[in-house]
Amino acid sequence: MRALTKVGTVLLAGLGLLMVDTAASGLPVSRVVALSEKAGPGTTILLMGTDDRSTLTREELRKFHAGGEACHCADTMMLVHVSARQDRVSVLSLPRDSLARVPGRGDAKLNSAFRDGGPALAVQTVEEMTGVPVDRYLQVDFRRFVDSVNQVGGVDVCTARGMNDPGTKLHLAPGTHRLDGGRSLQYVRSRKFDGAADIGRVQRQQRFLVGVLKRLQANPVELLGLSRTLLGAVSVDQGFKDAELVSLAKVLVRLAPSATEFATVPIGGFEDVPGVGSTLVWDRERADEVFARLREDRPLTPVGSVQRPSEVPEFGAYEPVRGSAMVCG
């Protein structure tokens with residue numbers, strides 16, 4: 001296992017959104033440790049947030065407005081690239097309703113690959129669509145998300161406009177708020193209040209990652225406990241020792257928000273596909289340039305970038321921004 005793969009795992013665990021799940025994956029451990037033999041410089045990890053809510057109690061489901069029937073899909077998908085020099089992390093979100101050609105299944109929404117074939121099919125689909133070799137995958141369900149956020153004492157999020165989402169029932173006045181695990185779950189799932197739908201939700205998920213990074217930098221001793229919460233019993237299968245986690249935690253602590261960057265794959269338009277529904281179609285020319293940057297270990301943002309994210313992202317806009325532009329004041 002390459003050293004950077006371990007760095008990527010601890011870094012992402014520190015961001016508080018991940019769970020390694022070898023037992024449920026259907027993949028042998030060797031496949032989880034090193035998914036791709038054709039990897040380029042640095043380490044690329046496919047982060048998948050699933051809609052599994054079976055481990056939440058009935059009271060939690062009611063309180064967090066997380067009920068409903070799970071589709072067992074990966075409703076959050078991000079390519080996370082840790083640079084070869086360990087001095088930059090690039091996060092590229094892949095909207096769940098993207099039109100995908102799922103191997104062996106034909107046209108479908110991207111999030112259905114996990115439902116139909118688990119992590120193996122999801123990884124294969126993303127690799128074929130992007131041309132970016134995936135070194136590892138990590139997945140998180142509702143339970144691990146809630147517990148990991150509570151482990152660090154909550155996360156600060158900020159909004160210039162008030163939030164009043166009819167789906168998650170999250171109400172936030174303009175300003176900065178510290179959210180516990182349950183309210184954080186509502187925050188990253190909200191998508192029905194500003195007209196930006198999933199594109200807006202993706203941006204809030206990115207803002208949330210920056211908030212967790214800032215929280216951990218203020219109290220880095222929490223990282224080890226958080227990593228144990230996220231890795232759980234499968235830390236033995238992953239080959240991690242506590243001493244290794246402590247050492248690798250230093251990588252996260254020294255990364256300033258300006259050393260992280262976030263983007264969403266460029267979208268070209270909508271397409272209504274029979275049997276699939278309304279889908280988002282990638283702008284292939286712009287998307288291929290973004291994927292090439294990840295493969296070649298190049299940054300997504302230009303030198304000296306001061307680009308700030310739109311409060312309500314516009315459909316089709318491509319605005320790679322640094323994490324420092326998303327930090328709450």
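The values are calculated or read from the model by the stated rules, or taken from the named source; none is laboratory data. It should be emphasised that the depicted structure is a prediction, and the values quoted were computed from it without experimental measurement. Note that each Cβ is placed from the backbone with ideal geometry, even for glycine, and that neighbours are counted across all protein chains shown. Note: areas computed on protein heavy atoms with side chains; ligands, DNA, RNA excluded. Shrake-Rupley method; radii C 1.70, N 1.55, O 1.52, S 1.80 Å.
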How many of the residues in segment 171-216 are closer than 19 Å to T264 by Cβ and either more than 15 Å from the chain's Cα centre (by Cα) or without any contact (Cβ under 8 Å) to a residue 40 or more places away in the chain (or both)? 10
Using the structure shown, decide if L185 is modelled with pLDDT of 80 or more and in a helix (DSSP H, G or I). yes
Please indicate, with yes or no, whether at least one residue in segment 140-149 is crowded, with 20+ Cβ neighbours inside 10 Å, at pLDDT below 85 and part of a strand (DSSP E or B). yes
Looking at the structure I just gave you, is G104 open to solvent by 10 Å² or more (accessible area, probe 1.4 Å) and modelled with pLDDT under 90? no
Among the candidates G225, G275, G239, G268, single out the residue that is farther than 30 Å from T176 by Cα, open to solvent by 20 Å² or more (accessible area, probe 1.4 Å) and at pLDDT below 85. G239
Please list, ordered by first then second residue, the pairs with beta carbon atoms under 9 Å, 6 or more apart or interchain, first in segment 157-170 and more than 11 Å from R191 (Cα to Cα), second in a loop (DSSP other than H, G, I, E, B) and at pLDDT 90 or above. C158/P174; T159/A173; T159/P174; A160/P174; R161/P174; G162/A173; G162/P174
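Restricting attention to segment 170-182, and to residues there that are open to solvent by 80 Å² or more (accessible area, probe 1.4 Å) and not in a loop (DSSP other than H, G, I, E, B), which single residue is farthest from H65 (Cα to Cα)?
Only one residue tops the list, namely R178.
Return the residues of segment 150-168 that are outside any loop (DSSP other than H, G, I, E, B) and either of a type in the set (K, R) or surrounded by fewer than 20 Cβ atoms within 10 Å (Cβ to Cβ) (or both); say none if nothing qualifies.
Answer for segment 150-168, where residues must be outside any loop (DSSP other than H, G, I, E, B) and either of a type in the set (K, R) or surrounded by fewer than 20 Cβ atoms within 10 Å (Cβ to Cβ) (or both): N150, Q151, D156, C158, T159, M163, N164.
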What about R215, is it touching a strand residue (DSSP E or B) at 6+ places or on another chain (Cβ under 6 Å), part of a helix (DSSP H, G or I), open to solvent by 10 Å² or more (accessible area, probe 1.4 Å) and modelled with pLDDT of 80 or more? yes
Of R298, R286, R308, the only residue that is surrounded by fewer than 17 Cβ atoms within 10 Å (Cβ to Cβ), basic (K, R) and not in a loop (DSSP other than H, G, I, E, B) is R286
What pairs can you find where one residue is in segment 95-114 and free of Cβ contacts under 8 Å to residues at least 24 places away in the same chain, the other is crowded, with 22+ Cβ neighbours inside 10 Å and part of a loop (DSSP other than H, G, I, E, B), and their Cβ atoms are less than 6 Å apart, with a gap of 6+ or different chains? none
Out of curiosity, is D135 open to solvent by less than 30 Å² (accessible area, probe 1.4 Å) and closer than 30 Å to R298 by Cα? yes
What strands (runs of 3 or more DSSP E) completely inside segment 42-116 contain at least 1 residues that are over 20 Å from the mean Cα position of the chain (by Cα)? 99-102, 106-109
